[in-house]
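First the structure, in the form of C-alpha cells, and then the observations on it.
The values are calculated or read from the model by the stated rules, or taken from the named source; none is laboratory data. Keep in mind the model is a prediction, meaning the values are calculated, not measured. FYI the Cβ positions are ideal-geometry reconstructions off the backbone, even for glycines, and counts take in every protein chain you see.
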Amino acid sequence: MEIINESSNPWYREPWPWILMSGPAVVVVAGLATAWIAVTTADGMVEDDYYKSGLAINQTLEHDRAAQTLNIKAQLMVGDDPSQVRLMLQGNEQASLPQGLRLKVLHPTRSGYDQEVMLTRQSDGYYEGKLLALAAARWRLTLEDTDQTWRLTGTWRLPKDRVVSLSPGVH
C-alpha cells in the first residue's frame, strides 16, 4: 500500500506556523514600541535637583504656618468658562490683602502642563485671572502672596469642581 501525501506545500505556506509565530512577534513589536516611548518622552515626575527641593521644605512649612496664623482662607470659583477664574480671599485683622496673588496649577504627573497665573485684585477680597485650557485631571493648587510670606493649597478636580477651597497645608 502506497501513502500519498496530497499536501506537498512547504512549511511557510501552511497557516499553523504563522499562527504560532504571531504571538512572540506581537510581543517583540510591543517591546520596541515601549522602548521608543521611554526614550522619546520626558520623565515628568523626576525632580532635577532633589536635594535642593528637600532643603526648601522647611521654608514651605513656614509659609503654611504663616497662613494658619493669619487665618487666611480662599475659595477659587470657576464659571462656564474655566479659563476665567475668580478667587475670594479672607483673613484675620492682621492679614493685609495684597494687590496680587500667584496661583500655581500643578498637574499630578506632567510638569509640562503646570501653569502659574497672576491674580489681580478687583475689589475687597476678590481677585481674577486667566488660565490656559486645562485637561480633565485632579490638579494641585498652590496660592501665594507676591512676597511669598504665606501659602494655601488645595485640589481641583476638573471638570467636576466649580468651587475649590484653599487652606494652609499645616493643620
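A count restricted to region 14-37 and to residues that are surrounded by 10 or more Cβ atoms within 10 Å (Cβ to Cβ), more than 44 Å from the chain's Cα centre (by Cα) and assigned to a helix (DSSP H, G or I) stands at 2.
The set of residues from region 108-136 being on the phi < 0 side of the Ramachandran plot, free of Cβ contacts under 8 Å to residues at least 40 places away in the same chain and either touching a strand residue (DSSP E or B) at 6+ places or on another chain (Cβ under 8 Å) or surrounded by 14 or more Cβ atoms within 10 Å (Cβ to Cβ) (or both) comprises P108, Y113, D114, Q115, E116, V117, M118, L119, T120, R121, Q122.
Contact annotation: residue pairs with Cβ atoms under 7 Å, 6 or more positions apart or on different chains, pairing a residue in region 67-89 that is without any contact (Cβ under 8 Å) to a residue 40 or more places away in the chain and assigned by TED's automatic domain parsing to the domain that holds D161 with a partner that is in a loop (DSSP other than H, G, I, E, B) and among the polar types (S, T, N, Q), are N71/N92.
Of note, R86 satisfies the criterion of being part of a strand (DSSP E or B) and not small (G, A, S).
Filtering T142, T149, T155 for residues that are closer than 19 Å to E62 by Cβ, part of a strand (DSSP E or B) and among the hydroxyl-bearing types (S, T, Y) leaves a single hit, T142.
Residues in region 153-169 that are buried (at least 18 other Cβ atoms within 10 Å of the Cβ) and within 15 Å of Y113 (Cα to Cα): W156 only. Taken over region 143-152, the criterion of being of a type outside the set (D, E, K, R) and surrounded by fewer than 19 Cβ atoms within 10 Å (Cβ to Cβ) is satisfied by T146, Q148, T149.
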